[in-house]
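Taken together, the values in this text are just the output of simple stated rules run on the coordinates, not laboratory data. As the structure is a prediction and not an experimental result, all values here were calculated from the model. Methodologically, a virtual Cβ is constructed for each residue, glycine included, from the backbone with ideal geometry; neighbour enumeration extends over all protein chains shown.
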Amino acid sequence: PLVRLLSSALFWRILLSSLLMVGVLGFGLYRAGRSHEELEYQFVRLVNHDLKLADDAEVLLRLTSDLETGKRGFLLTGDQSFLTPYNQARRDLEGVLVEAQDTAEPGKEDARVADFSRAVHDWMERISEPQIHAREVGIQVETEKAAEGKVRTDEMRSICSELRADALNAASEREHQAFESAAASRRATTSVLLLAIV
């Protein structure tokens, strides 16, 4: 009976069809697994890089605003309470800069973070701290010098705004690609299953 079964054309047809179906389903599972890994990678990168960098840039924008308004308020009024947000921003700045530098990729991103870091430290060293010290000892700061500080902080804000906009654009593009990849994976899986059924 075994010899007769092995010599039967129907047996071999069923066996080959079964093997073909298993092969097709195995390939489908492999493709689905690879697509899932790619999708997971895209979303992890979306959260850990794009959105994180955009958030760091947003925080740097806020700190820049606190530094500028705190300094300007103190120069105008001499009221020490205006230096509270200024000093808090100075304390928070270094940690956020380190975080942004760690998140930024080599190239345009880390160059922008480095540009901002140089600009803000130069602004504090050459403009804000000398002006605050002068006001503390009773010397009025000239309007022209105060205006120079505003120009510099506008430049710093521009760097952060560009960094944030690029990170959000990258996040949006990555999200779109991830959903396109998921849709393509669904179509491929459906095709493989239909082929297996046929």
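Shown is the FRET efficiency for GLU175 and ASP92, computed with R0 = 30 Å from the Cβ-Cβ distance and rounded to the nearest 0.05: 0.55. Note that the stretch 130-143 has calculated 3J(HN,Hα) couplings of x, 5, 5, 4, 4, 5, 5, 9, x, 8, 6, 7, 4, 4 Hz, one per residue in order, obtained from phi through the Karplus relation 6.51 cos²θ - 1.76 cosθ + 1.60 (θ = phi - 60°); glycine and proline are x. A Förster radius of 25 Å, combined with the Cβ-Cβ distance separating TYR41 from GLU162, puts the computed FRET efficiency at roughly 0.40.
What FRET efficiency, computed as 1/(1 + (r/R0)^6) with R0 = 35 Å and r the Cβ-Cβ distance, is obtained for ARG62 and LYS108, rounded to the nearest 0.05?
Rounded to the nearest 0.05, the efficiency is 0.95.
Summarising the label geometry, the points placed 7 Å from Cα in the beta-carbon direction at ALA147 and ASN48 lie 4.9 nm from one another. Around the Cα centre of the stretch 70-136, unit charges on the Cβ atoms of Lys, Arg, Asp and Glu (plus for the first two, minus for the last two) sum to a dipole of about 380 debye.
Within the stretch 40-84, what residues put their amide N at less than 20 Å from the label point 7 Å along the Cα-to-Cβ vector of GLN101? Taking a point 7 Å out along Cα→Cβ of GLN101, the residues of the stretch 40-84 whose backbone N falls under 20 Å are 49-50, 52-64. Extension gain, VAL22 to GLN80, is 13.2 nm, computed as 0.36 nm per intervening residue step minus the present C-alpha separation.
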